[in-house]
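Data first, discussion second: the structure below is written as structure tokens.
The values are calculated or read from the model by the stated rules, or taken from the named source; none is laboratory data. Not measured: the values here are computed from a predicted model. Quick reminder, even Gly has a Cβ in these numbers, built from the backbone with ideal geometry, and neighbours come from all protein chains shown. Side chains included, ligands, DNA and RNA excluded: accessible areas come from the protein's heavy atoms. Shrake-Rupley method; radii C 1.70, N 1.55, O 1.52, S 1.80 Å.
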Amino acid sequence: MKTSFSIGNVEFKNRVLVASGTFGYGDEVKDLVDVNKLGGIVTKSLSWKPRDGNPPRRIVETPSGMLNSIGLANVGVHAFIREKLPYLRTLKTKIVVNIAASSVQEYCDVLTLLDTQEGVDAYEINVSCPNVKEGGLNFGTDCRMTREITAQLRPLTRKPLIIKLTPNVTHISEFARAVEDAGADAVSVINTLVGMAVDVRTRKPKLSTVTGGLSGPAIKPIALAKVYEVAQAVKIPVFGIGGIQSAEDAIEFLLVGATAVQVGTMNFVDATASARIVEEIREFAEKENLDDVGKLVGALDANIKHSVLQSWL
Amino acid sequence: MVQQLVRLESNQEIAQGMFLMRFDSRRIATSAQPGQFLNIRATQRWSPLLLRRPFSISRVVGSSIELLYNIVGKGTKALSAQIPGEEIDVLGPLGIPFRYDGLFETAVLVAGGLGIAPFPFLTDFLEKKKATIITFVGSRSLFKIDMLHLRNVQYATDDGSNGFRGNVVESLAEYLQEHTLTAPKIFGCGPTKMLSSLSRLAQAKELSCELSLEGDMACGIGICQGCPVERSNGTKKYALVCTDGPTFDCREIKLPSP
Ligand SMILES: Cc1cc2nc3c(=O)[nH]c(=O)nc-3n(C[C@H](O)[C@H](O)[C@H](O)COP(=O)(O)OP(=O)(O)OC[C@H]3O[C@@H](n4cnc5c(N)ncnc54)[C@H](O)[C@@H]3O)c2cc1C
Ligand SMILES: Cc1cc2nc3c(=O)[nH]c(=O)nc-3n(C[C@H](O)[C@H](O)[C@H](O)COP(=O)(O)O)c2cc1C
Ligand code: FES
């Protein structure tokens, strides 16, 4: 059974990775799970300088999901290289380093520094970050800026460049086309959705930042539709992300066109889930008499004539 | 740290809304230390409840683990509905235990409400170390906890129905006025407001004081960054309750004013 896939010259051993911000830097869970079973680890978003993150409260559970407003708290790229990368280098899985920044220059600086390091296999760019120059407007909701970041980063590395898109836009496929056009090797779909929760007794928002990012099983149907839309629009590979709890969930993403998936929030609930999903996808493919898990990718049997998506695709 | 399914031995309401849960886990029992916690999935059935919930290890008896909890919301409600023989998924032991530095002779345990949860385990440990123990317990009204393993309990109730009338920190302050304790150290656990006034009292009297904090958690193991508490000094603004705590020296952290 073939389980691997490639982006550029990087071969991932299977189609299940763990999503940024939900698996730390891989060392926190090494007592619980054999991380070498995973197709890859996407690190917490790194910025040039360490970031403290937002004041509490940062987390609220909602039905089948959670809101977070972590505020990109991270150790910074220098401490990452010093303290986290040596361990990640010893792993037999691919390391995708996720980058967050508050200016286009910062994205470039972080990537340029990382590109001199051994043990980084690919980059995922988190564009769901406030742009300091534009008064804090999110880069990722501005198609021109999203394209610009991609175009600036492209010449700085030969490693795979993956742009992680936000669903908080009208037509995510426009953004996917823009970054494909600017030279991205793949896209990750989706980051969290803007959400909110209120304490009725105090009349205050539950999160310190009023709104936060919704993730978990609650967002899976939305994520699936976004991945489907993007996969219809671009030729580059799509990482499907959003609410994956089981192999069945992951296979749904493959069928609608994801080349691979990332498991996020579920890692907090059960750190062993991702490794189990790897195994169960293989078993499913065996039962379906496939010789390659890749044959599930885009194998959806849908009559697209009846799809509203066609009106804007 | 282990993640395992454990079978419930018992799960009983021992006072109004307060439950004592017991299950067997040799692996957790042999590694746990007082002040540590477990992160628990309230139910194995399908449920819109997603995240684990943190609970202090209340006591270790042989290879059994005891937890003490109050029903405050959906997760603890679901937990209370679990019956003996059912399995729950536990992750732990987690966090930094209470520190035993050998520098104190009198341990002053101060609990606000369910803050007593970690103290039976701590009491066992301190008894082995031959420390003198006084336990201050505060609650809104009459609160019967005779069955819990605590020593030398001084009650405080808001309505005066049991012991001192007022809150537990006021009751401790009055006690300290009237008694001289030899080489005391305070261990506090309870709601943040109460810990905040306890921390002020301890610092005013220059007493060594360790607090066990609560906080909203997702992972419980330092990954999600969801459980920050402000540090009082140093270069990093926040500590994480789950991995830097839940126990902290009261001088290390800045709690919101009471
Ligand atoms: C390290 C640690 C140890 C703990 N030990 C114990 C213990 O031994 N026994 C025990 O009963 N509880 C303990 N708690 C608190 C316990 O985790 C919460 O009561 C529980 O998560 C509530 O879950 P729920 O689904 O029932 O409530 P939810 O539905 O999540 O919340 C219901 C209400 O309670 C409030 N709430 C939820 N969590 C907390 C909290 N941590 N502090 C204050 N208010 C909260 C919410 O804002 C809401 O108003 C501990 C917490 C931590 C961090
Ligand atoms: C607590 C938390 C922290 C996250 N941190 C990041 C991050 O640093 N960078 C990033 O690109 N995405 C981050 N994400 C988004 C996830 O990687 C993922 O895209 C999203 O949660 C949807 O997937 P899920 O439903 O499986 O969690 C975070 C999500 C959560 C819940
Ligand atoms: S609960 Fe996740 S970092 Fe503390």
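Am I reading the A/B interface right? What is its buried accessible area, both sides, 1.4 Å probe, to the nearest 100 Å²?
Interface area, both chains combined: 2400 Å², rounded to the nearest 100.
For the protein assembly as shown, what is the charge dipole size about the Cα centre, in debye to the nearest 20, if Lys and Arg each add +1 at the Cβ and Asp and Glu each add -1 at the Cβ?
Dipole about the Cα centre, nearest 20: 560 debye.
Rolling a 1.4 angstrom probe over the protein chains, ignoring ligands and nucleic acids, what is the accessible area of B:LEU51 in square angstrom, nearest 10?
My reading of the accessible area for B:LEU51 is about 10 Å².
Any chance you could tell me what percent of the C-alpha pair distances in chain B go past 22 Å?
Every Cα pair in chain B considered, those over 22 Å come to 54 percent.
Once both labels are modelled 7 Å past Cα along the beta-carbon direction, what's the A:LYS204-B:HIS179 spacing in nm?
Using points 7 Å along Cα→Cβ, the separation is 3.6 nm.
With a 1.4 Å probe and every protein chain kept in, tell me what percent of the accessible surface of region B:2-94 is carbon plus sulfur.
Of all accessible area on region B:2-94, carbon and sulfur atoms account for 48 percent.
For region A:88-117, list residues with backbone N below 19 Å from a point placed 7 Å from the Cα of A:ASN168 toward its Cβ?
Only A:99-104 fall inside the zone, counting backbone N under 19 Å.
Angle, helix B:168-178 long axis vs. longest principal axis of chain B, Cα atoms, 0 to 90°, nearest 10?
30
Largest first, what is the accessible-area ranking of A:LYS13, A:LYS159 with a 1.4 Å probe?
Solvent-accessible surface, decreasing: A:LYS13, A:LYS159.
Hey, can you grab everything whose amide H is under 5 Å from the amide H of B:ARG231? Only 5+ residues off in sequence or another chain; H modelled, so Pro and N-termini drop out.
B:TYR238, B:ALA239, B:LYS254
Could you state the accessible area per residue of the protein assembly as shown in Å², with a 1.4 Å probe and every protein chain left in place?
In whole numbers, the protein assembly as shown has 42 Å² accessible per residue.
I'd like the Karplus ³J(HN,Hα) series for region B:19-29: coefficients 6.51, -1.76, 1.60, θ = phi - 60°, whole numbers in Hz, and an x wherever there's a Gly or Pro.
10, 10, 10, 9, 8, 9, 7, 4, 5, 6, 4
Considering every pair of different Cα atoms, what Kirkwood radius, in Å, is found for chain A?
19.5
Just grab the label-to-label distance for A:GLU248 and A:THR90, each label 7 Å out from Cα along the Cβ direction, in nm (one decimal).
Those two pseudo-labels are separated by 3.9 nm.
Describe numerically, in nm with one decimal, the distance between label points set 7 Å from Cα along Cα→Cβ at A:ASP292 and at A:MET196.
Inter-label distance under the simple model: 4.8 nm.
Can you tell me the FRET efficiency between A:ASP27 and B:ARG140 if r is taken as the Cβ-Cβ distance and R0 is 41 Å, rounded to the nearest 0.05?
0.40
State, to one decimal in nm², a quarter of the convex hull surface area for the C-alpha atoms of region A:1-136, i.e. the direction-averaged projected area.
Its average projected convex-hull area is 10.3 nm².
Given the rule -39500 (n - 2.57) for each run of at least 4 DSSP H residues, summed and divided by the residues of chain B, what is its mean residue ellipticity at 222 nm, to the nearest 500 deg cm²/dmol?
Rounded to the nearest 500, the figure is -5000 deg cm²/dmol.
Could you calculate, for region B:2-94, the ratio of the Cα radius of gyration to the Kirkwood radius, expressed as Rg to Rh?
0.92
Given a 10 angstrom Cα cut-off, can you work out which residue in B:LYS130, B:LYS193, B:LYS236 is the most mobile in a GNM of chain B?
B:LYS236
How long are the three semi-axes of the equivalent ellipsoid of the protein assembly as shown, in whole Å, if each is the root of 5 times an eigenvalue of the C-alpha gyration tensor, listed from largest down?
Ellipsoid semi-axes (Å, largest first): 47, 25, 21.
Please work out the FRET efficiency for the pair A:THR272 and B:GLU9, using the Cβ-Cβ distance as r and a Förster radius of 22 Å; give the result to the nearest 0.05.
That pair, A:THR272 with B:GLU9, gives E of 0.30.
Using a Gaussian network model of chain B whose springs link C-alpha atoms within less than 10 Å, name the residue from B:THR243, B:THR180, B:THR192 with the highest mean-square fluctuation.
B:THR180
Quick one: angle between helix B:119-128 and the longest Cα principal axis of chain B, in degrees between 0 and 90, rounded to 10, please.
On a 0 to 90 degree scale, this one is about 70.
Considering the dipole of the protein assembly as shown built from charges on the beta carbon (Lys and Arg +1, Asp and Glu -1) around the Cα centre, which of B:ILE96, B:GLY115, A:SER208 is farthest to its positive end?
Value computed over the given set: A:SER208.
Would you please give the FRET efficiency between A:THR112 and A:MET1, computed as 1/(1 + (r/R0)^6) with r the Cβ-Cβ distance and R0 = 41 Å, to the nearest 0.05?
With R0 = 41 Å, the Cβ-Cβ based efficiency is 0.55.
Identify, among B:MET21, B:SER31, B:ILE133, the residue whose Cα sits farthest towards the positive end of the charge dipole of region B:20-149, taking +1 on the Cβ of Lys and Arg and -1 on the Cβ of Asp and Glu, with the dipole about the Cα centre.
Projecting each Cα onto the dipole axis, the largest value belongs to B:MET21.
Using Cα springs under 10 Å in a Gaussian network model of chain A, which residue among A:PRO160, A:PRO205, A:PRO50 shows the largest mean-square fluctuation?
Comparing A:PRO160, A:PRO205, A:PRO50 in a Gaussian network model of chain A, the most mobile one is A:PRO205.
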